[in-house]
1. If you average 1/r over all unlike Cα pairs in segment 113-155 and invert the result, what Kirkwood radius do you get in angstrom?
2. Under a 1.4 Å probe, what is the accessible area of segment 72-149 per residue, stated in Å²?
3. Could you pull out which residues in segment 118-151 have an amide N less than 20 Å from a spot 7 Å beyond the Cα of T179, following the Cα-Cβ vector?
4. So for segment 103-242, Kirkwood radius off the Cα pairs, Stokes-Einstein at 10 °C and 1.306 mPa s: how many µm² s⁻¹?
5. So for K26, K133, what's the accessible-area order with a 1.4 Å probe, most first?
6. Once the convex hull of the C-alpha atoms of segment 137-215 is built, how many Å³ does it hold per residue, rounded to a whole number?
7. Tell me, what is the 1.4 Å probe accessible area of Y165, in Å² to the nearest 10?
8. Out of segment 143-242, which GluC sites (Glu not before Pro) are coil in DSSP terms and have no more than 15 other C-beta atoms within 10 Å?
Amino acid sequence: MRRFHLIGLMFTTLASAFGADNALTKQEKAQGWILLFDGKTLNGWDSAVTSNPGQGRGPGGATKQGKAPTPPGPPAVGSNPRACSTPAGLAAVPTGASHWEIVGGLLVPCGDPAGYLTSKQTYKDFVLDVDFKTGEDTNSGVFIRAPGGIGGYEVQIWKSQPQGYNTGSIVGTAKTEGTFTFIPDQWNHYEITAEGDHMVVVLNGTKTLDVHDSKFPDGRIRLQYQKYPIEFKNIKLRIIKN
């Protein structure tokens with residue numbers, strides 16, 4: 001009996017150290033972290049309505065003629081989106097808005113059309129943590145400082161973007177010097193820091209980008225959906241106070 005008690009205590013200790021999904025540990029709360037997704041509701045988020053979801057290009061992604069180039073890998077917009085399965089996902093949305101639902105504590109886009117999920121709050125200087133899981137051939141991104149839900153800095157999730165803004169890059173702003181890849185069909189972790197004009201991107205513990213840019217001083221957090229299956233969780237933010 002004592003052996004089972006010790007094993008149970010060990011798992012309890014590990015869970016306490018690493019924390020549960022979509023929850024803040026005591027240490028994170030003390031450090032000022034804010035939970036942006038609670039694993040149960042879409043409180044604090046809006047499905048952004050746009051006339052054109054951007055084809056995953058981000059700023060400067062179109063050609064001079066205004067047409068998207070043909071990508072060498074997967075197309076900018078997928079053709080086999082995940083089917084919506086919950087009342088929230090199946091509910092009607094305004095024209096141009098995309099469908100998002102919560103399945104097993106995960107934030108999941110589904111169905112048609114492509115689009116975004118945008119935070120209602122704006123943020124200036126912060127550290128943002130996001131976990132995501134998707135297939136190898138995908139196109140998505142995490143936007144920061146998106147003014148009014150459009151524009152902003154897109155931290156890329158795409159192994160072969162046409163202009164070379166691959167995973168770990170900020171589209172239209174800075175490309176990584178090396179090749180960085182997420183692990184397909186497993187959970188990956190982005191840590192994105194924005195402080196003044198200084199931005200640092202870390203993927204699974206490895207720094208992919210360390211740049212300075214001042215185009216967008218503040219704005220919203222935005223998740224991109226290009227009709228490729230993708231899941232998000234553990235979206236949390238710590239405001240940097242200067």
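1. Answer for segment 113-155: a Kirkwood hydrodynamic radius of 12.0 Å.
2. 38
3. Of the residues in segment 118-151, 134-140 have backbone N under 20 Å from the label point off T179.
4. 106
5. Details: K26 180, K133 60 Å².
From most accessible down to least: K26, K133.
6. On the way: hull volume 7.4 nm³, N = 79.
Cα convex hull per residue, to the nearest whole number: 94 Å³.
7. Rounded to the nearest 10, that gives 40 Å².
8. When the GluC sites (Glu not before Pro) of segment 143-242 are filtered for loop state and at most 15 Cβ neighbours within 10 Å, E177 remain.
The values are calculated or read from the model by the stated rules, or taken from the named source; none is laboratory data. Owing to the predicted nature of the structure, the values given are computational and were not obtained by experimental measurement. With ideal geometry, Cβ positions are generated from the backbone for all residues, glycine too; neighbour counts draw on all protein chains shown. Just so you know, the surface numbers come from the protein's heavy atoms only, side chains and all, with ligands and any DNA or RNA stripped out. Shrake-Rupley method; radii C 1.70, N 1.55, O 1.52, S 1.80 Å.
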